[in-house]
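One structure is given here, and the rest of the page talks about it.
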Amino acid sequence: MEVQLQFLDCDEEGRQALIDDLSITKGVRGRIRPVRQLPPTGVMGSWADTISIAIGSGGAITALVTTLSAWVQRQRKSTIVVEFISGEQAHRIKIDTADPESAERLLLTAAPIAQAMHDPTSTHKE
């Protein structure tokens with residue numbers, strides 16, 4: 001499974017803070033890379049505004065969501081798109097940190113969906 005994080009209106013300090021947090025997260029560290037793609041038409045951004053994380057286990061999904069939730073709580077105003085990709089399936093959510101409680105609920109809702117995409121035979125509930 002791959003998770004892509006696209007920073008839509010996040011400053012460099014906020015991006016780097018999340019990358020630093022993810023770099024020390026068990027199951028995620030060493031699996032982060034920049035994605036070299038142009039932003040969608042009409043969206044401001046640069047090539048470095050998207051990162052990809054290779055997820056090797058279901059526990060890494062939980063760790064990723066926990067780290068994202070903590071980061072959201074610290075941000076003033078940022079928007080990121082989180083896309084969980086497994087084969088031909090993709091689940092995309094847009095998180096606005098201006099409302100951290102809603103953002104956290106959205107992440108917690110997405111976690112079991114991502115888990116099921118990663119391991120369709122899993123009956124694990126997050």
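The values are calculated or read from the model by the stated rules, or taken from the named source; none is laboratory data. Computed from a predicted structure; not experimentally measured. All Cβ positions, even for glycine, are placed from backbone atoms using ideal geometry, and neighbour counts span all protein chains on display.
Residues are listed down the side, and each one gets a yes or a no for (1) over 19 Å from residue 8 (Cα atoms); (2) at pLDDT 85 or above:
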residue	(1), (2)
37	no, no
66	yes, yes
80	no, yes
97	no, no
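Return the total of residues in the stretch 54-64 being surrounded by fewer than 21 Cβ atoms within 10 Å (Cβ to Cβ) and either polar (S, T, N, Q) or under 10 Å from the mean Cα position of the chain (by Cα) (or both).
So the count comes out to 2.
In the stretch 68-96, what residues are on the phi < 0 side of the Ramachandran plot, surrounded by fewer than 19 Cβ atoms within 10 Å (Cβ to Cβ) and not in a strand (DSSP E or B)?
If the condition is that a residue be on the phi < 0 side of the Ramachandran plot, surrounded by fewer than 19 Cβ atoms within 10 Å (Cβ to Cβ) and not in a strand (DSSP E or B), then 69, 70, 73, 74, 76, 77, 88 are the ones that fit.
Could you please find all residues in the stretch 99-126 being among the acidic types (Asp, Glu) and either modelled with pLDDT of 85 or more or more than 24 Å from residue 9 (Cα to Cα) (or both)?
119, 126
Of all residues in the stretch 97-112, which are closer than 18 Å to residue 63 by Cα, touching a strand residue (DSSP E or B) at 6+ places or on another chain (Cβ under 9 Å) and surrounded by fewer than 16 Cβ atoms within 10 Å (Cβ to Cβ)?
The answer is 109, and nothing else.
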